[in-house]
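The values are calculated or read from the model by the stated rules, or taken from the named source; none is laboratory data. Predicted, not measured: the structure shown is a model, and the values here were computed from it. Counting neighbours? That spans all protein chains shown, and the Cβs are built from the backbone with ideal geometry, glycine included. Protein only, heavy atoms only, side chains kept; ligands, DNA and RNA dropped before computing areas. Shrake-Rupley method; radii C 1.70, N 1.55, O 1.52, S 1.80 Å.
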Amino acid sequence: MSTALIRAEARLLVPALAFIALVVAAVASLGTPLITSVATTFHVSLDSAQWTLTIALLSGAVATPVLGRLGAGPHRRATVLATLAVVVGGSVLTVLPLPLPLPFAWLLVGRAAQGVGLGLTALMMGVARDHLPEERSAATIALLSVVSIIGAGVGYPLAALLAEFGGLRAAYGLGLLVTAIAFVTAWRSMPAAPEGRSAHVNVAGALALAGGLLLVLFLAGERNLWSRHLAVAVTLGVAAVLLLCVWTVSELRTKTPLVDVRAVRHPAVAGANLAMFVGGSGMYLLLTLITRYAQTPHGAGYGFGLTTFVAGLILIPFSVLGFVAGKITPRVRTRIDGPLLLAGSAAVVGGGFVLFATARSNLAELLAAMGVLGFGVGSFSAAMPGVILSVTPRSETSSAMSFNYVVRSVGYSVGSAIGGLVLAAGTATGRLFPNDDAYTSAALVGVAAMAVTTMASLALALVLARRRSPETNPITAAVGVPDLGRSNRPGS
């Protein structure tokens, strides 16, 4: 194949991969601005309506490692198309006026099906690494990581606008439209995987991981369970730990693990996932704090009483500056190691927390904090894949990034739960809204989380500097991380 033809195909493939990653992220986030509308339309409590968001995150976390393994094999194209078909089917369920007596249950089923699409981002990264020229693959993978983050900022205001003027079904109709377009895009542009790869799935390990993740994310989302039924929560927590231990043992024994657990022992992989977990908790915490604060009515003594749509517009600086950071970071990585970029990005997010804690008296300050958060998150997300993939064999790209995305999902859920607990603790008896000081306390928790993330990333940079090899492969040279992944088992 000629060089000109390869470049032409690459130009067409990159927008397709980015569009699919953007769509699945935006559709999964549709639950956030629609919780109140769901509660009023289906006559359920706000806690029940919250599950339209939680269940999408749950299904995405469970599906991601399985899709990552299937996507690493010869049937990647079929896996992508089948997953998008499930997402489209789920979108149909969210739009149709389904029969009584359980219309809300059908909506939850649809949202769960939409959440499965979150596992496709890691597969898009595998496609980029396999089918793009080496000088473009690293930048494209960084872009996909950023797009998967800013998708929430894109979907939130659009869904809120449609819900405000066209009702709940119109907002979910947007999800059906874009997922159908994403399916057609994948059908026309998705190449087949390289030959000679295995797609065997460790079923026992997949079931154990699914059960463990379901319990972990359920416990993180159900904050009332810890205060009202502590014994039940502890029992479920123990069960989650046991299931994850069973999964680990199963992964170590099988020849085709969902995730190469041995690779987690490598400093780059372990450090990156630790930073992703703690950093993800903090990033999602600040995002929820700002949007909730903006919608708090003036009667609470603070807040701006914004409508859902106007509050969604606050995410525009987050998305724009996140995208800008994602475009800049690949160039910076040629001069600065990935772990140092993670540390700097975490410090930027920490600065956003400080800004929110000390200055939130007007909307301009909230927009500034959201912009700082977006820039930090965009840079952090763009730098993360390079750290992991520098020690990951090309054939394991989807699997390795899938595990990182599972860690991110758990971190997001933990961050959301921590924010809820802190704000609940700052809510006086008989009051609907927390005290203003509770937001400051939650912001200080976020500062601590980002400080831990920064220190962990700096420690990782120090460890990798000591292990640096004088030779680097092309991917490593592009991301600015030493090549420590010449074997198929980096931890060995």
Per-residue SASA entry for PHE433, accessible area with 1.4 Å probe, Å² rounded to 10: 60 Å²
Which residues does the label zone of TRP106 cover in region 174-188, counting backbone N under 17 Å from a point 7 Å along Cα→Cβ? 176
Of the heavy-atom accessible surface of region 112-254 (probe 1.4 angstrom), what whole percent is carbon and sulfur? 69 percent
Given R₀ = 41 Å, what would the calculated FRET efficiency be for ALA300 paired with ALA180, taking r from the Cβ atoms and rounding to 0.05? 0.50
What length, rounded to one decimal in nm, is gained on full extension from GLU135 through to ALA82, with 0.36 nm per residue of separation minus their alpha-carbon distance? 16.1 nm
How much FRET efficiency would the formula 1/(1 + (r/R0)^6) give for THR36 and GLU195, where r is the Cβ-Cβ distance and R0 is 41 Å, rounded to 0.05? 0.20
Accessible surface, region 354-452, averaged per residue in Å² (probe 1.4 Å): 33 Å²
If the chain between ALA231 and VAL249 were fully extended at 0.36 nm per residue, the gain over the current Cα-Cα distance would be 3.7 nm
When the solvent-accessible surface of protein heavy atoms is calculated with a 1.4 angstrom probe, in what order do THR296, THR41 fall, highest first? THR41, THR296
Could you give the nm distance between label points at ASP436 and VAL332, where each point is 7 Å from its Cα heading toward the beta carbon? 3.4 nm
At what distance in nm do the modelled label points of ALA425 and ASN362 sit from each other, each positioned 7 Å from its Cα along Cα→Cβ? 3.3 nm
Percentage relative contact order, region 318-373, counting C-alpha pairs under 8 Å, at least six apart: 47 percent
Cα gyration tensor, region 352-440 - rounded (a/c under 1.5), prolate or oblate: oblate
Largest first, what is the accessible-area ranking of HIS298, HIS131, HIS43 with a 1.4 Å probe? HIS43, HIS298, HIS131
What is the distance, in nm, between label points placed 7 Å from the Cα along the Cα-to-Cβ direction at ALA459 and at ARG265? 1.9 nm
Tell me the mean residue ellipticity at 222 nm calculated for the chain from its helices only (DSSP H runs of n ≥ 4, each -39500 (n - 2.57), averaged over every residue, nearest 500). -26000 deg cm²/dmol
So how far, in whole Å, is the C-alpha centre of region 243-312 from the one of region 321-382? 16 Å
For Cα Rg over 2.2 N^0.38 Å, with candidates (1) 1.91; (2) 1.10; (3) 0.93, the value calculated from the shown model is option (3)
Which order do PHE375, PHE356 take when ranked by solvent-accessible area (1.4 Å probe, heavy atoms of all protein chains), largest first? PHE375, PHE356
On the protein heavy atoms, probe 1.4 angstrom, tell me the percent of accessible surface of region 299-403 carried by carbon and sulfur. 69 percent
Going by the alpha-carbon gyration tensor, a ≥ b ≥ c the square roots of its eigenvalues, is region 165-293 rounded (a/c under 1.5) or, if a/c is not under 1.5, prolate (a/b greater than b/c) versus oblate? oblate
Relative to a virtual label point 7 Å from the Cα of ALA448 in the Cα→beta-carbon direction, which members of region 393-425 show backbone nitrogen distances below 20 Å? 411-425
How much length is gained if the chain between TRP187 and VAL238 is pulled fully straight, taking 0.36 nm per residue apart and subtracting their Cα-Cα distance, in nm to one decimal? 14.0 nm
Send over a whole-number figure in Å² for the accessible area per residue of region 285-335, probe 1.4 Å. 44 Å²
Part-to-part distance (alpha-carbon centres) for region 154-186 and region 111-131, which is given in Å: 19 Å
